[in-house]
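Report on the structure given below.
The values are calculated or read from the model by the stated rules, or taken from the named source; none is laboratory data. Not measured: the values here are computed from a predicted model. Ligands, DNA and RNA are stripped out before the accessible areas are found, and what is left, the full protein with its side chains, is counted by its heavy atoms. Shrake-Rupley method; radii C 1.70, N 1.55, O 1.52, S 1.80 Å.
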Amino acid sequence: MLLVLTALAMVAPFIWMALTSFKTDRDIATFPPTWLPSTWRLANYADALSVARFGIYFRNSLIIAVGHVVINLALASLAGFALARYRFRGREAVFLGFVAMLMIPTYTKIVPQFLIAKTMPFFAGTTAGRGRLGLGEHLVGLIIRAR
């Protein structure tokens, strides 16, 4: 019973969001709020699609995701092959280094990666690494930083 109540508490905001997307401005502004709209307005979705450029947003997300996967697959495959097939001094230390880097949460690395990319010579648009962001303003910069 406790799990059912917890599940309902978790799902309630999503149900509220879905039902509110069909409401008119008057229904949204009423107090106290109601769960169901008085009139169902499907034109809200047409308005949202005409105002926002979801096609461009989707394309950018797809380019970043595919680029990140391709780079990650190439580098991880090369590193995995080298660690699996070749015996060299320090192999265990390199492997433990990879495992240790996996333990660092991604969110703790976002700001340092941005600052490094912003000030890195030839990456930030100038040889000194100052001025405009260069690749930081393009999808390539996001793909490299996401890696």
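One residue alone among Thr20, Thr24, Thr30 is modelled with pLDDT of 90 or more and among the hydroxyl-bearing types (Ser, Thr, Tyr), and that residue is Thr20.
Counting only residues that are assigned to a helix (DSSP H, G or I), open to solvent by 90 Å² or more (accessible area, probe 1.4 Å) and closer than 23 Å to Ala12 by Cα, region 30-70 holds 1 of them. Regarding Met10, is this residue under 30 Å from the mean Cα position of the chain (by Cα), at pLDDT below 90 and not small (Gly, Ala, Ser)? No, not satisfied.
In the condition set (1) at pLDDT below 90; (2) within 30 Å of Ala18 (Cα to Cα); (3) open to solvent by 90 Å² or more (accessible area, probe 1.4 Å); (4) outside any helix (DSSP H, G or I), Tyr107 is compliant with all but (4). Scanning region 71-97 for residues that are assigned to a helix (DSSP H, G or I) and open to solvent by 90 Å² or more (accessible area, probe 1.4 Å), we see that the one that is nearest to Val140 (Cα to Cα) is Leu73.
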